[in-house]
1. Go through (1) under 27 Å from residue 78 (Cα atoms); (2) surrounded by fewer than 14 Cβ atoms within 10 Å (Cβ to Cβ); (3) not small (Gly, Ala, Ser) for residue 174 and report which single condition fails.
2. When region 276-292 is examined, which residues are found to be touching a residue at least 60 places away in the same chain (Cβ under 8 Å) and either farther than 27 Å from residue 30 by Cβ or aliphatic (A, V, I, L, M) (or both)?
3. Return the residues of region 145-193 that are of a type in the set (Phe, Trp, Tyr) and closer than 21 Å to residue 317 by Cβ; say none if nothing qualifies.
4. Would you confirm whether or not region 262-281 contains a residue that is within 16 Å of the ligand (Cβ to nearest atom) and either aromatic (Phe, Trp, Tyr) or in contact with a Ser or Thr (Cβ under 6 Å, 6 or more places away or on another chain) (or both)?
5. Please go through region 290-316 and pick out each residue that is assigned to a helix (DSSP H, G or I) and away from the ligand (no atom under 16 Å from the Cβ).
6. Test of understanding: among 53, 44, which residue is in contact with a Leu (Cβ under 6 Å, 6 or more places away or on another chain), closer than 30 Å to residue 240 by Cα and either outside any helix (DSSP H, G or I) or at pLDDT 95 or above (or both)?
7. Among (1) farther than 24 Å from residue 209 by Cα; (2) buried (at least 18 other Cβ atoms within 10 Å of the Cβ); (3) out of contact with any strand residue (DSSP E or B) (no Cβ under 6 Å at 6 or more places or on another chain), which single condition is residue 166 missing?
8. On the given criteria, is residue 99 among the polar types (S, T, N, Q) and more than 24 Å from residue 314 (Cβ to Cβ)?
Amino acid sequence: MISGKGALYPFPFHPCLSVFICGCFSMSNFQNEFSWSPSRHRMFESCKRQYYFNYYGSWGGWDKDADAQAQLLYRLKKITTVPQLVGSVVHDAISNALNALKLGRDILPFAVETYAQNLFRQHLQESAEHLWRYSASQYTNLFEHYYNEPFTETDQNNSANHISTSLNAFFASNAYATLQSARPEDYLTIEDLTDFTLANTKIWVVLDVAIRRDESVHIFDWKTGRERQADRHQLAVYALYATSQWGVALPDLQLQDIYLQTNTEHSLDLSPDDLDQTRIFVTESVQKMRALLDDPEQNTASQDTFPMTTNTHLCTTCPFKAVCYPDERPAKQPTPEQDPVQLSLF
Ligand code: SF4
């Protein structure tokens, strides 16, 4: 995930400002409350140790007074890969376009593309300049830079083309045609982080867009990667949210994944039994996660209870590999003396 959704800031967030804010506002007293999300479930199933690092070991690591391991894990947790960056930039550009559309503004596809390409270059630049050292949550830290993975000019051009292809597919999609004819009051959400309760647990969801049309609700989810079975589970969880929060009847709910690289749209038809199965799936996932906690009430956990995966293929692209495999050293970072930007901070 992109650190701090950098695209919220049309211009780079000034390092001095982030230091000022961090100095005034400590988040160290936040409670680490247990919650569930489709992405949390995927991480739990892929590698328990990664899940522990991401949701427990890194907790509080944003605080300069936290212990060194928590600070390191928090920094690594914020790392993103180039394909993830591409996906985030595309989502950001689409949500901006839809927010403008909702306000009745004309959408110019070339302007959306320009915005996305500039944003992509901005994230690449801030990562190349290691600006994440000022604020791991505000600035992008690319896996490819951090671990000195090959990322050539050709790779960069391919990523830029990926953004173009995705946005062209978005504007050519039936979903966009549907959204163009929606009235402002039809919009239920555009990429809002929101939650509902199931199994006594807060369930987080971010629906790319949902609109109400008469009695129906349409939910569209954009995908910049390959099709996965998990995408259908995610839509089914969105269906749980929509039926419980918006009171829409299941037959009136239309769910669609839109794969922007292949320009394909997949609808998901759910029966009441499918919805029950999804409730069971979420409840069982919550139970499995809670079963590994030291104290489920306090939501505390110990690293040793969360084993490293034996599927080491996953480790090759894992941001935490420097901790699990200390020989996987990150790329050499500039020293303060070599880095005039950092010197200007002090
Ligand atoms: S490096 Fe491998 S074992 Fe360690 S957290 Fe990542 S995926 Fe899990």
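The values are calculated or read from the model by the stated rules, or taken from the named source; none is laboratory data. Model, not experiment: these values are computed from the prediction. Glycine gets a Cβ as well: all are built from the backbone with ideal geometry, and neighbour counts include every protein chain shown.
1. Just one mismatch for residue 174, condition (1).
2. Hits for region 276-292 are 279, 282, 286, 289, 292.
3. 146, 147, 151
4. no
5. Once the filter is applied, which keeps residues that are assigned to a helix (DSSP H, G or I) and away from the ligand (no atom under 16 Å from the Cβ), region 290-316 yields 290, 291.
6. Being in contact with a Leu (Cβ under 6 Å, 6 or more places away or on another chain), closer than 30 Å to residue 240 by Cα and either outside any helix (DSSP H, G or I) or at pLDDT 95 or above (or both) holds for just one of 53, 44, which is 53.
7. (1)
8. yes
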